[in-house]
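Colleague: The structure is given below, and queries will be raised subsequently.
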Amino acid sequence: MTELFKAGTFRLAVLFALAVTAATSVVFLFIYWRVATFDVKRVEVRLVDEITKAISDPEDRVKREIDLRLTSDLRRLDYAGFFDKDGKVVTGNVAALPKGLPIDGAAHSMEVLPLRQMDAGTEPALLVAGRRADGGIVLLGRSLYEVFALRQLVGEALLLGVAPTIILALFTGVIFSLRSARRLKAINQTIMRIMQGDLNERLPTRGKMDDIEFVAGAVNLMLDEIVRLLGQIKSVGDNIAHDLRTPLAVMQAQLERGLAGNSEQDVRIAAKRALVELDRAMTTVTALLRISEIEFGRRRSEFTHIELDEICRNAFELYAPFAEAKSIGFTLEAPTTVPFFGDFDLLMEAVANLIDNAIKFTPRGGAVKVTVKMADDGPLIRVSDTGPGIPPNERAEIFKRFYRSEKCRHIAGTGLGLSMASTITHLHGLDLHVEDNNPGSVFEISSRQMS
Ligand SMILES: Nc1ncnc2c1ncn2[C@@H]1O[C@H](COP(=O)(O)OP(=O)(O)O)[C@@H](O)[C@H]1O
Ligand SMILES: [Mg+2]
């Protein structure tokens, strides 16, 4: 229950109730004040006027007017009396001069015995008494009974109007805070289960957009992402294991066969072959370590002012002999210098990987072209070939670690080259994408496209 009073919703409800009460009270008080004062003031002015006239009018006329006044007062609200100079009543509906009433021609509000028989006790009235020149006293007055009744009515209306509002506001507050307390409890329990390792749990949502829902939705998205990343880590791990298993298995078979042989020559041959496989395994491990090293941005501090055309020229010269050996028409187009801020070695590695693939996958007699230039929106490096090309559905896949297209499996490789190239380009704020070269494919490193 204490939680209930601490809940924000409940406090809000109390505040709301207070605000409504205050606003309603102000309105009612204003009406009350207007009703009460306006009426009393009017009566007061009239009574004083009349008494002024009555003390100077002839006695007969005053008595007649008092009688006339009382006969026409059907509601019995008027007090009127004429007294002789000793204070004895001559005419009127008042038995005696009220005690304590000054005879000064001014209006006084006081409690008197009511004129209506049915009322017990006293009632509020406005009274004026004045002394005539001959010593007689005239008393005029009016009951304030109606005004007071009206005041009471307004007061009651105020209570009747405000009390239910307060009760309703508090009630709604309790309901709402109980509901949000229940939801928070459910969320808390789910979080506990997630913390215990059940990553498939999701925070309960109801589809209505409120604060809690918003946070729950964000946490659920975060959980989805964590699950996805964990899946990726697992698949990378599986891939590594799988990729290292093949060379290790081949090594094992070769060494066993060598040892089973008769001559020292057999052992030598086996060891040599095993070394080739070991080399492959080493290449994979080195490449993997390199990718994670680049991904964690360790090399970013080594960025300097470099020229991309120089990188392409170096890579071109490095691969020219391989292209020649495969009778591939290998050309470089580098019309201008292309200054850039980055890591020379890393970018060289990326471009080399693209050229390596192009020469590797393009059949004999094909063509590979390297272009480097300054485009309108920044530097551009393009490596195009006339090889087998990459079908559209594989264009996103080839940049993932260990992905190797089915039809290229017979050609040696680790499936890590493009992954590394894409990591390097992203580290430099650049984009790596592939398109159709009709025939063949074209890989482009360019300023990142806004998507
Ligand atoms: N120039 C290209 N032409 C056709 N396919 C390519 C080309 N470059 C890459 N690929 C495809 O993308 C895959 C991944 O490339 P990469 O990451 O460099 O690995 P690897 O070169 O070790 O196979 C390759 O196995 C191949 O299927
Ligand atoms: Mg490659």
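The values are calculated or read from the model by the stated rules, or taken from the named source; none is laboratory data. Quick caveat, the model's predicted, so the values are computed rather than measured. Every residue, glycine among them, receives a Cβ derived from its backbone with ideal geometry; neighbour counts consider all protein chains shown.
Colleague: Residue check, Ile424 against (1) within 16 Å of ligand 2 (Cβ to nearest atom); (2) more than 20 Å from Phe340 (Cα to Cα); (3) among the hydrophobic types (A, V, I, L, M, F, W, C), all met but one. Which one?
Modeller: (2)
Colleague: If you don't mind, another one. How many of the residues making up segment 293-341 are in contact (Cβ under 8 Å) with a residue 60 or more places away in the chain and on the phi > 0 side of the Ramachandran plot?
Modeller: 1
Colleague: Would you pick out the residues in segment 329-362 that are out of contact with any helix residue (DSSP H, G or I) (no Cβ under 7 Å at 6 or more places or on another chain) and within 26 Å of Ala287 (Cα to Cα)?
Modeller: Phe341, Gly342, Asp345, Ala358, Lys360, Thr362
Colleague: Also, quick follow-up: Residues of segment 395-411 being of a type outside the set (A, V, I, L, M, F, W, C) and either near ligand 1 (Cβ under 7 Å from one of its atoms) or out of contact with any strand residue (DSSP E or B) (no Cβ under 9 Å at 6 or more places or on another chain) (or both), which ones? Working first, answer last.
Modeller: Just the residues of segment 395-411 that are of a type outside the set (A, V, I, L, M, F, W, C), to begin with: 395, 397, 400-401, 403-407, 409-410.
Residues satisfying the conditions are Glu397, Lys400, Arg401, Tyr403, Arg404, Ser405, Glu406, Lys407, Arg409, His410.
Colleague: Would you mind stating whether Thr246 is exposed (fewer than 15 other Cβ atoms within 10 Å of the Cβ) and either in the same structural domain as Val276 (by TED's automatic domain parsing) or at pLDDT below 85 (or both)?
Modeller: Criteria met by Thr246.
Colleague: Restricting attention to segment 163-182, report how many residues are of a type outside the set (A, V, I, L, M) and at pLDDT 85 or above.
Modeller: Count: 2.
Colleague: Report whether or not Arg382 is touching a residue at least 60 places away in the same chain (Cβ under 8 Å) and within 16 Å of ligand 2 (Cβ to nearest atom). Before the answer, list the steps.
Modeller: On the way: touching a residue at least 60 places away in the same chain (Cβ under 8 Å): yes; within 16 Å of ligand 2 (Cβ to nearest atom): no.
No, not satisfied.
Conditions tested, residue by residue: (1) surrounded by 21 or more Cβ atoms within 10 Å (Cβ to Cβ); (2) in a helix (DSSP H, G or I); (3) within 16 Å of ligand 2 (Cβ to nearest atom).
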| position | (1), (2), (3) |
| --- | --- |
| Asp309 | yes, yes, no |
| Asn314 | no, yes, no |
| Thr331 | no, no, no |
| Asp345 | no, yes, no |
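Colleague: Another question, if that's okay. Tell me yes or no: at least one residue of segment 40-51 is exposed (fewer than 15 other Cβ atoms within 10 Å of the Cβ) and within 46 Å of the chain's Cα centre (by Cα).
Modeller: no
Colleague: Answer yes or no as to whether Phe340 is more than 13 Å from ligand 1 (Cβ to nearest atom) and outside any helix (DSSP H, G or I).
Modeller: yes
Colleague: Only one of Lys234, Lys208 is over 30 Å from Leu29 (Cα atoms) and either assigned to a helix (DSSP H, G or I) or in contact with a His (Cβ under 8 Å, 6 or more places away or on another chain) (or both); which?
Modeller: Lys234
Colleague: Another question about this same structure. Every residue in segment 348-367 that is near ligand 1 (Cβ under 10 Å from one of its atoms) and either farther than 13 Å from Thr331 by Cα or in contact with a Ser or Thr (Cβ under 6 Å, 6 or more places away or on another chain) (or both), please.
Modeller: Answer for segment 348-367, where residues must be near ligand 1 (Cβ under 10 Å from one of its atoms) and either farther than 13 Å from Thr331 by Cα or in contact with a Ser or Thr (Cβ under 6 Å, 6 or more places away or on another chain) (or both): Asn353, Leu354, Asp356, Asn357, Lys360, Phe361, Thr362.
Colleague: Oh, and also: How do the pairs read when you match residues in segment 42-66 that are in the same structural domain as Gly135 (by TED's automatic domain parsing) and of a type in the set (S, T, N, Q) with residues anywhere that are part of a helix (DSSP H, G or I) and at pLDDT 90 or above, using Cβ under 8 Å and keeping only pairs 6 or more apart or on different chains?
Modeller: Going by the 8 Å Cβ cut-off, there are no qualifying pairs.
Colleague: Just to verify a result, which residue in segment 402-412, among those that are in a helix (DSSP H, G or I) and not acidic (Asp, Glu), is farthest from ligand 2 (Cβ to nearest atom)?
Modeller: Lys407
Colleague: Out of (1) modelled with pLDDT under 85; (2) of a type in the set (Phe, Trp, Tyr); (3) more than 30 Å from Lys185 (Cβ to Cβ), what's the single condition that is false for Tyr79?
Modeller: It is condition (1) that Tyr79 fails.
Colleague: Please tell me if Val434 is closer than 21 Å to Leu318 by Cβ and outside any loop (DSSP other than H, G, I, E, B).
Modeller: Details: closer than 21 Å to Leu318 by Cβ: no; outside any loop (DSSP other than H, G, I, E, B): yes.
Judged against the criteria, Val434 is not a match.
Colleague: Do the conditions hold for Phe399, that is, is it over 22 Å from Asn314 (Cα atoms) and either within 12 Å of ligand 2 (Cβ to nearest atom) or buried (at least 16 other Cβ atoms within 10 Å of the Cβ) (or both)?
Modeller: Numbers: over 22 Å from Asn314 (Cα atoms): yes; either within 12 Å of ligand 2 (Cβ to nearest atom) or buried (at least 16 other Cβ atoms within 10 Å of the Cβ) (or both): yes.
Taking the combined requirement at face value, the residue satisfies it.
Colleague: Suppose we filter Gly429, Gly415, Gly366 for residues that are away from ligand 2 (no atom under 16 Å from the Cβ), modelled with pLDDT under 95 and not assigned by TED's automatic domain parsing to the domain that holds Ile233; which single one remains?
Modeller: Gly429
Colleague: Looking at the structure I just gave you, is Ser384 within 45 Å of the chain's Cα centre (by Cα) and of a type in the set (S, T, N, Q)?
Modeller: no
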